[in-house]
Amino acid sequence: MGENGFPAHDLRATKKSAGMGYKGREFSYASPRDPWYKKGFIRLMEWVVGRPFLYRMYRKLNDMEATPQNVWGHGLDILDIKVNYDEDQLDKIPPSGPTIVVANHPFGIADGGMLGHLVTRKRDDFFILVNEIISRVPLLKGHMLPVEFSQTEEGKKINQNTKDQTTKRLNNGDCLIIFPGGGVATRSNPFKRDSLSEYKWRYFICDRIHEAKCTVVPMYFHGENSFWFHFGSWIHVNLRMSMLLRELKNKRNKTLDVTIGDPIPYSTMEGIKDKVELINFIEAQTMRLKDFPPKS
């Protein structure tokens, strides 16, 4: 979540196919379609809070000859992020067949890395719906489908292609990884810890579930971003976007908890035809995992 066509994915990625010319410099939350002043502000703030760190990390991944399957674990190793979870629950992820793994989205980049690491331990046929900006990373070409949040004609074409490819791949029995909320969870008031909330979960997966008769696996990431991320989000969306690299950087040397729920078989969801009811059911099954943190 290739660039628009997404042919059958090659699991034998090499340094060359991963794009050695890509140094991480193209990675920015500034969209090419943004006004020049918005792009300039976001890139300046990203440089101040974390871009050099990101470049070094990408070079290390290239040196490790990372593949789409192990890049997630290598990235966590570089950051010294430990993931605490229940191995028995991870083993419940179906080894094959149409599967959708959903999760809350409290961090931005770190939770995406952890989710990728966990799922790829069980499935090679994964693909992820991500912000169109993140989908530019060459190493994961064929494993990422872009989502464009602008309402331009180009954005609509990108999203329609993503919808078509998602349907096709799930019907082929692949495994989709998605944050249904799309955006990173944010406090409505940065000074109140109990005001953290997810973005409204979108209905995108509902039709896909029924079309491909998918199993859904919910996961819950415990924690949230720093006060400064929430404060920046409160001030302006541009500042919020530029702070996401800082939030990745400050997760270094930490142990982060994730609770893996029991798979929800299609038979449980088959009778829920209303999209609102279905997505609310899946979100509730995910959020209830907050009360069941993994053992340390």
Every residue from region 67-92 that is in contact with an Asp or Glu (Cβ under 8 Å, 6 or more places away or on another chain) and aromatic (Phe, Trp, Tyr)
Tyr85
Going through region 119-146 one residue at a time, which ones are among the aliphatic types (A, V, I, L, M), farther than 18 Å from Gly73 by Cβ and assigned to a loop (DSSP other than H, G, I, E, B)?
Ile133
Is region 86-108 home to any residue that is buried (at least 20 other Cβ atoms within 10 Å of the Cβ), of a type in the set (Ser, Thr, Tyr) and outside any helix (DSSP H, G or I)?
yes
Condition first: touching a strand residue (DSSP E or B) at 6+ places or on another chain (Cβ under 8 Å) and at pLDDT below 95. Can you find one or more residues in region 205-227 that meet it?
no
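Working only within region 178-212, note down all residues that are of a type in the set (Lys, Arg) and out of contact with any Leu (no Cβ under 9 Å at 6 or more places or on another chain).
Matches in region 178-212: Lys192, Arg193, Lys200, Arg202.
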Per-region count, region 41-81, residues over 21 Å from Pro138 (Cα atoms), modelled with pLDDT of 80 or more and either touching a helix residue (DSSP H, G or I) at 6+ places or on another chain (Cβ under 8 Å) or surrounded by 14 or more Cβ atoms within 10 Å (Cβ to Cβ) (or both):
1
Within region 147-253, which helices (runs of 4 or more DSSP H) (wholly inside it) include 2 or more residues that are charged (D, E, K, R) and either within 18 Å of the chain's Cα centre (by Cα) or surrounded by 14 or more Cβ atoms within 10 Å (Cβ to Cβ) (or both)?
153-171, 204-212, 244-249
In region 254-296, how many residues are assigned to a strand (DSSP E or B) and acidic (Asp, Glu)?
1
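The values are calculated or read from the model by the stated rules, or taken from the named source; none is laboratory data. Owing to the predicted nature of the structure, the values given are computational and were not obtained by experimental measurement. All Cβ positions, even for glycine, are placed from backbone atoms using ideal geometry, and neighbour counts span all protein chains on display.
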